[in-house]
Structures are given as C-alpha cells and as structure tokens.
Amino acid sequence: MARCSVCGAPAVAYIRYQRRYLCRDHYLEFVESKVERAILRHRLVGKGDRVLAAVSGGKDSSTLLAVLSRLSRRIGFHVVALYIHLGIYEYSEKSREASIRLASQLNVPLIVFDLKEVLGAGIPELAKASRRPPCSVCGMVKRYVINAAAVELGVDAVALGHNADDIAVYNLKSFLNQDLEAISKLGVKTESIPGVAVGRVRPLYYVYEKESFLYSLLAGLPFLHEECPFVERRQMEVELKETVNQLEYKRPGLKLQMVSKLAKRVEDYPKPKGSIGRCPSCGLLSSCGECSFCRVTRRALGRPMGPVVREWFRRRAQELGLGASWRSSLS
Ligand code: AMP
Ligand code: FES
Ligand code: ZN
Ligand code: ZN
C-alpha cells in the first residue's frame, strides 16, 4: 500500500507533478496551502476584507467556500456566500439544496437570490424572450447579479470557483481564435472600479479540477454531481480539455506551468476596447450605453430590471447588517 510522503499514513492521492503520495489530512492541507499561496502571492484578499463567494452548488464552489472559510480564520477576513437560483427546473432546485447544506455545514452566511421570485422570469424565459442561447444569457445574468450583490453588500472582492483546467482551456480556446482580449480577462484577479464594479478573484487558479473534486469528496462537502441541462458540449472546448489532459499525462505539471505563466503575462494582453461607463438605467458598469442585463430584461420583461436587483440586495444588506454599516461594525 502506498504511504503518505509526509507522515507515512495510508495514502489516498498521488500528485504526479510532485511525485508525492498524500494521506487524507495532508491532501486537504496540500489544496488549502495552494489556495493560501495564491491569496498571499497575488494579494487576493487581506486581513479585515469582506469577500463574497459565489457558489453554484457544484464541486468547485464547494471547495472554494470550504477553503475560504478555513483560511478566513487564519488570515482574518470575512466570507459571505451567494447562490443564484436561475430557475433551471430540477437542476436549480437541487443545486440550491446543495448550496444551503454546504453553507450551513461550514457555518457561513448564505444569501439565496431567486431570479424568478425577483424578476418574474428565470433563465429559460429570459433566453426565449431575448432569442439568445440560454448559456449566454445565463453567463451575463450571473455576472450582473454577482456584481450588483457585491456593490450593495459593500464587499471588497468577489471570489469565483474557476479552477486551473477552466483557465487553461479558455486560454487555449481564446488563443486559437486569436481573441487576445479574452485572454486579458483570465488573470487571477480584476481590480474594483469604485461604485460600479467589485474586483473578482479566483482563489482556485492553481488547483486542478481533479484536485478540487477530490478535496470536496475527502472533506465530506455537499455538492451536486449533475451538470446544468443547458450546458453546451461545445466540441472545441471538450476536445481542448482532452488535449490538455493528454499533454498533462505526458508532461506532469504542464497545466500548472501554463496558468503560472499566464498569471505573470496576462497584463501584456490587450484589454477590450470601449470606455468604462455607467449604465443609464442601473448605474453599474457598462462599456457602451445601457448594460446587457438592463437591455435583455427590458426586451423580455418590458423594463430594465437592474434597479430592482440592486434594491433587492440593498434590503438584504440592511436585514443582515451588511452594506455600508458592515465596514464600521467590523473595524
Ligand atoms: P460558470 O459561469 O458556470 O463557469 O461559473 C463560474 C463561477 O461562477 C463559479 O465557479 C461560481 O463561483 C459562480 N457561479 C456559477 N453559478 C452560480 C450560481 N448559480 N450562483 C452563484 N454563483 C455562481
Ligand atoms: Fe447557466 Fe446552465 S448554468 S445555462
Ligand atoms: Zn500524511
Ligand atoms: Zn444596467
């Protein structure tokens, strides 16, 4: 039986690119210290900061929330979780259950935002009315709601669950399309723009998908194994994922090298053109005129819903004692 390279206990994992076997406890520590190093190296979150962790109910967000909640005690920051119920039938019901169980197991406050309850329409209805593919509407809606929540709750950063495999595949796909502006968005963090956008951080940047999956299993975290029914098995991404995994097999550590190099060079890529402005309807970030969320909801529901979303989070912030008062109550 293989033994842990650190303590000699029975091993549960082999880290090929380090040629090390690890037992359960040392495996959990291995993933946590990867995240901690990313946080410290890139100054993702500091002492006293407030972080909004966006959780989907899947394995990556469960690892994200668990590791952040452990590190929050060590580093001294505060975590609140946000789950967006997208109204995608049974999938959304199950992922909400998983997120609620996860947050209560970890003892982290969770805000559940129900799209259908607040807007009167979920992703399927918005996609149909705007004649856009559900995944593209969904991505835009999630980005909007997460940012609106972060602005209203007065947090310092939003934490997302993208892992090293996600970054490597988006990076290659964007490179093949020569979409260099898309690569410029693949860094470990984006900066805040006061009043309109809160910076996003990716604490799992150096964590492989397989590592995040094993972490959530070994830590006994609740998470949903199913994928969203709308997920587009876009051939290109599936093939790139396979290719990256084959290369990793032949050259252990390749994915890690790729994301590490990207993190260093990402600033050199051209940023998307267009000025940074405010949406005339909701006041949040928009590159030209009304933001996509206000535009799509105006078309689908008859009026721009950005202000409604902001108001909903403003009220939640007050009920929870967060928002502007949070800062003073914590300091
Ligand atoms: P995706 O857009 O599905 O690739 O997800 C990227 C990240 O967005 C996840 O790792 C989560 O941090 C966040 N996220 C995805 N779905 C949700 C959701 N329903 N509610 C809140 N955050 C989410
Ligand atoms: Fe957004 Fe599937 S999670 S369309
Ligand atoms: Zn050990
Ligand atoms: Zn808007």
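Bear in mind these aren't lab numbers, they're just calculated from the coordinates by the rules spelled out. Because the structure is predicted, anything quoted here is derived from the model rather than measured. Neighbour counts are summed over all protein chains in view; Cβ atoms, including those assigned to glycine, are modelled from backbone coordinates with ideal geometry.
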For the chain, calculate the relative contact order in percent as a whole number, restricting contacts to Cα pairs under 8 Å that are 6 or more residues apart. 19
Taking R0 as 30 Å and r as the Cβ-Cβ distance between R299 and R278, the FRET efficiency 1/(1 + (r/R0)^6), rounded to the nearest 0.05, comes to 0.90
Give the shape of the chain as rounded, prolate or oblate, defined through the alpha-carbon gyration tensor: a ≥ b ≥ c are the square roots of its eigenvalues, a/c under 1.5 means rounded, and otherwise the shape is prolate if a/b is larger than b/c and oblate if not. prolate
For the stretch 9-110, what class follows from the C-alpha gyration tensor (a ≥ b ≥ c being the square roots of its eigenvalues): rounded when a/c is under 1.5, otherwise prolate if a/b is larger than b/c, else oblate? oblate
Going by how many other Cβ atoms sit within 10 Å of their own, how do S61, S5, S92 line up, fewest first? S5, S92, S61
Degrees, to the nearest 10: 59-71 long Cα axis against longest axis of the chain: 80
Which chymotrypsin sites (Phe, Trp or Tyr not before Pro) in the stretch 186-228 sit in a loop by DSSP (not H, G, I, E or B) and have at most 10 other Cβ atoms within 10 Å of their own Cβ? none
Which of the aspartates and glutamates could a cross-linker span from K271 if the Cα-Cα distance has to be under 17 Å and same-chain partners fewer than 8 positions apart are dropped? D179, E181, E191
From the backbone phi of the stretch 97-113, what are the Karplus-calculated ³J(HN,Hα) couplings (6.51 cos²θ - 1.76 cosθ + 1.60, θ = phi - 60°) in whole Hz, Gly and Pro given as x? 4, 4, 5, 5, 5, 4, 4, 6, 4, 8, 6, 10, x, 10, 9, 9, 9
Cross-link list K142/K189; K185/K264; K128/K185: which exceed 22 angstrom alpha carbon to alpha carbon? K128/K185
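Would you compute, from DSSP H runs of 4+ residues alone, the mean residue ellipticity of the chain at 222 nm, taking -39500 (n - 2.57) per run and dividing by the full residue count, rounded to the nearest 500?
Working: 14 runs with 169 residues, N = 331.
So the calculated ellipticity at 222 nm is -16000 deg cm²/dmol.
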Specify the inter-centroid distance of the stretch 292-307 and the stretch 120-190, based on alpha-carbon positions, in whole Å. 18
